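A short reminder: the numbers here are calculations on the coordinates, not readings from a lab. Keep in mind it's a predicted model, so treat the numbers as computed, not measured. FYI the Cβ positions are ideal-geometry reconstructions off the backbone, even for glycines, and counts take in every protein chain you see.
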Amino acid sequence: MRYQSHIAAGVLAAIAAAAPLAHADERQTASYQLDTEVRLLTEQRTRGMSDSLLGPAAKLSLQFAHQSGLVAVAELVTVSKTQFLDGNGMGLTLGAGYRFGDPEGWHYGVGLAAEAFPGAKFDAPHGFDMNAFTPTNFSSTKYDSQFAVLEIGYGALEGRLLGVLSNTYRGADTGGVCGAMLQFSADPTKALECYARGDQGSRGSLLFDLDYKIRLASATTLTLHVGRQRVANFSEADFTDYRIGLTRKQWGFEWNLDWVGTQVTTPELFMVQDGNDVRSVNNNKLLFSVARRF
């Protein structure tokens with residue numbers, strides 16, 4: 001009975017990383033590139049929030065780039081069944097788009113994407129009877145979402161805007177948001193105010209990302225990231241995330257060390273009931289991952 005706001009907002013970011021602006025080159029015979037990547041992580045984080053309940057994860061990515069500018073990505077990652085209730089412990093992201101412009105100057109991208117967690121859903125009250133002081137209108141909400149993506153960049157600086165097209169994203173509706181506050185807050189006042197606004201979804205939510213990459217050496221890159229999440233109809237779920245990442249390519253592997261942090265409006269929305277314990281998934285943390293491309 002809680003909302004998970006940490007959406008996979010790196011849809012076009014993943015595409016961009018996989019497919020730096022592709023241009024026709026008369027010296028090249030191949031018109032496209034297809035990469036497969038396997039990654040092991042100490043923790044799966046999205047927008048600074050844990051999807052693996054602070055535990056390790058594994059990810060498989062397929063990344064396609066055509067010299068015309070068409071790009072696509074498919075990702076399969078392990079997630080926590082405790083967070084994504086009734087699911088099979090997997091998250092699937094599919095995205096496709098078009099990138100154009102000068103990679104050293106102004107460049108642009110547009111895309112569409114979908115995120116799914118097969119079988120995952122949660123039951124929560126979508127209303128509250130103030131007279132009887134009891135929750136009402138229990139129904140199920142899925143975590144699946146669809147997005148439109150816009151990218152604008154200049155050289156190593158890239159900005160992205162994701163707009164939510166689906167009725168909800170990652171369970172952000174009255175049942176998920178108001179229900180989480182009712183479940184985890186000692187004072188029910190905010191939850192009751194949330195229910196008083198009526199039964200709503202989160203279509204139209206906006207996610208902003210800004211990344212800057214600094215090449216420290218031929219095989220070493222420093223990435224600075226800041227993101228902002230604006231949730232339609234639920235300002236309680238708004239938050240900002242930060243990341244400082246160091247990437248080193250060596251011995252055929254990509255080694256990553258990332259410090260991630262968040263600044264949230266309502267901590268109760270980022271809590272998960274794990275047995276008898278309540279765990280926060282938005283703590284600041286140093287993460288490590290290693291990847292191999294084929």
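Take every pair of alpha-carbon atoms less than 8 Å apart whose residues are at least six positions apart; their mean separation over the length of the chain yields a relative contact order of 17 percent. Here Cys178, Cys194 are placed in order of increasing Cβ neighbour count within 10 Å, fewest first, which gives Cys194, Cys178. A P(r) calculated from all alpha carbon pairs of segment 178-294, with 10 Å bins opening at zero, reads 12, 31, 28, 19, 9, 2 percent. Whole-Hz Karplus values for segment 283-289 come out as 6, 5, 7, 9, 10, 9, 8 Hz, taken residue by residue from phi with 6.51 cos²θ - 1.76 cosθ + 1.60 and θ = phi - 60°; glycine and proline positions read x. Dividing the summed helix terms, -39500 (n - 2.57) for each DSSP H run of n ≥ 4, by the number of residues in the chain produces a 222 nm estimate of -2500 deg cm²/dmol to the nearest 500.
Rounded to the nearest 20, the size of the Cβ-charge dipole of segment 11-293 about its Cα centre is 580 debye, with Lys and Arg at +1 and Asp and Glu at -1.
Compute the normalised compactness of segment 11-293: alpha-carbon radius of gyration over 2.2 N^0.38 Å, N being the residue count. Provide the component values of the computation, followed by the final result.
Details: Rg = 20.0 Å, N = 283, 2.2 N^0.38 = 18.8 Å.
Scaled against compact globular proteins, the figure is 1.07.
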